[in-house]
1. Counting only complete DSSP H runs, which helices of chain B cover 20 Å or more along their long axis at the Cα atoms and score a mean Kyte-Doolittle of -0.5 or above?
2. Determine the dipole magnitude for the stretch B:147-279: charges of +1 sit on the beta-carbon of Lys and Arg, -1 on that of Asp and Glu, nothing else is charged, the reference point is the Cα centre, and the result goes in debye to the nearest 20.
3. By average Cβ neighbour count within 10 Å, what is the ranking of B:162-168, B:108-114 from highest down?
4. Report the label-to-label distance for B:Val96 and B:Ile278 in nanometres (one decimal), using points 7 Å from each Cα along the Cα→Cβ vector.
5. Subtract the Cα-Cα distance of B:Thr68 and B:Asp185 from 0.36 nm times their separation in residues, and report this length gain in nm to one decimal.
6. Taking the convex hull of the alpha carbon atoms in chain A, what volume per residue do you get, in Å³?
7. Taking a 32 Å limit on the Cα-Cα distance, which of the listed pairs A:Lys24/A:Lys114; A:Lys32/A:Lys108; A:Lys112/B:Lys12; A:Lys145/B:Lys22; A:Lys32/B:Lys22; B:Lys198/B:Lys248 fall beyond it?
8. Cα centroids of the stretch B:115-145 and the stretch A:1-41: how far apart, whole angstrom?
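Please treat every number below as a calculation from the coordinates, not as lab data. All values reported here derive from a predicted model rather than from experimental measurement. Counting neighbours? That spans all protein chains shown, and the Cβs are built from the backbone with ideal geometry, glycine included.
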Amino acid sequence: MQLRYYEDYEVGEKAISDTYSVDKTELVEYSKKWDPQPFHVDEEAAKASIYGGLTAPSAYIVAVASLLGNTIEPKIAALGALGMTDMEFPNPMRPGDRITLMSMVTQKRSSKTKPDRGIIHYVVRVTNQNDELVSTYRIKIMVAKRTR
Amino acid sequence: MRYFEDIELHHKEIFGSYSVTKEEIIEFAKKWDPQPFHIDEEAAAKSIYGGITAPSTYTIAVCHSFTTYWDPPVAWMGALGWQDVEFPNPVRPGDVLSIVGECIERRGSRSKYDRGILRFLIVMTNQNGKAVLSFKTKAMVARNPDLVGARTVKKSVAEEAMNAYFELYSSGDYEKTVDTYYTDDIVFEFPGGKYVGKEAVLNYFVKLHDGLKEIMKPRSLLIGSDRIAAELEITFEAEKDAPHFLGKDKTLKAGQSFTAINSVFYDIQDEKIRHVKIYRP
């Protein structure tokens, strides 16, 4: 498997993921396990809610974003996520939505304590089929260096 | 059920405990974040973590599963955003996780009366007291519908009463209008005229409408606690010639009609109108 390492990334570079179709059954199953609010699991209750229909829990949106991030090729030699911030959910994610993720490298730096890795900062935009923003956030990912 | 009003600043909520299994981590990671160090024990043993660790999305999911366990439950309306999401230590199979959430900010929604916005600092720790996740989350929470309802009902009653007032006035029964809707010390004001007291106002109405029918239709109503603002469409229909009605020497002839838009303020006292002030464009 071809991997991209810390050295291979440049500030300003952009990447676009595959598209993920949000399946109602999957969304409801996920919500039942992890966030069983009525407007995530019960179609009738969701219709009566301020959203007018089923919507995805924020944790599910983040999971979809993670899945989409993993579809970007060549794959990143990630060692783990350090943190996220400025995370917003401007529009709900709904069953049937076709979701795409776009990322841009905003910063990179070598680890101060571990010479075998660096930290890459991204700004991420998650959009639906109508180009509406479903989520946006910044994320810091620890990435292995090629020269170890 | 707990509403926005029920959760005070610095209120703390403690939840526990969630037992993490290897099978659950691997199953979750295979679907949402299939990195080798999440799904493959051999690869994980050789990784910087020395064993299977949970994806950050799993850690977040576990944390959110606790929102259900608020007791009594909270009337959540949805998440607005997260800040400073950090994963200081990895989550591993066998971990037992618990959470402390503290309300660090609360305010009413600026645009929607039925809800408020609460911000929480959430810290999830493992069995050794080490933090595995910390973040700040901003959530919409419904206000108590009984309290919201009181205001909504009062508002709709005022709207209904005003519509009944416009209807009665437009029927031409000025005596009943003045008697039903105005206070004894009513002040009726418009550019170039001012009448004080029920009798003076009624005399003015009767004189004004000699041979003229006036229909008042509200275009919009803005209802406050003691003041109502209205934009009214007013139509005068002449049953006989009304000299000077449209200005000096300009007669509104029998059968003709004239429509204008007025802005009117009503001061309300004890559910009656105490002051009418009319602005003409």
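1. Numbers: long enough: B:145-171 (38 Å, -0.20).
Helix filter hits for chain B: B:145-171.
2. Here the size comes out at about 380 debye.
3. On the way: B:162-168: 15.6, B:108-114: 12.6.
Put in order of decreasing packing, that is B:162-168, B:108-114.
4. Label at B:Val96, label at B:Ile278, 7.8 nm between them.
5. So the extension gain works out to 36.4 nm.
6. Working: hull volume 17.4 nm³, N = 148.
It is 118 Å³ per residue.
7. A:Lys24/A:Lys114; A:Lys32/A:Lys108; A:Lys112/B:Lys12
8. That distance is 22 Å.
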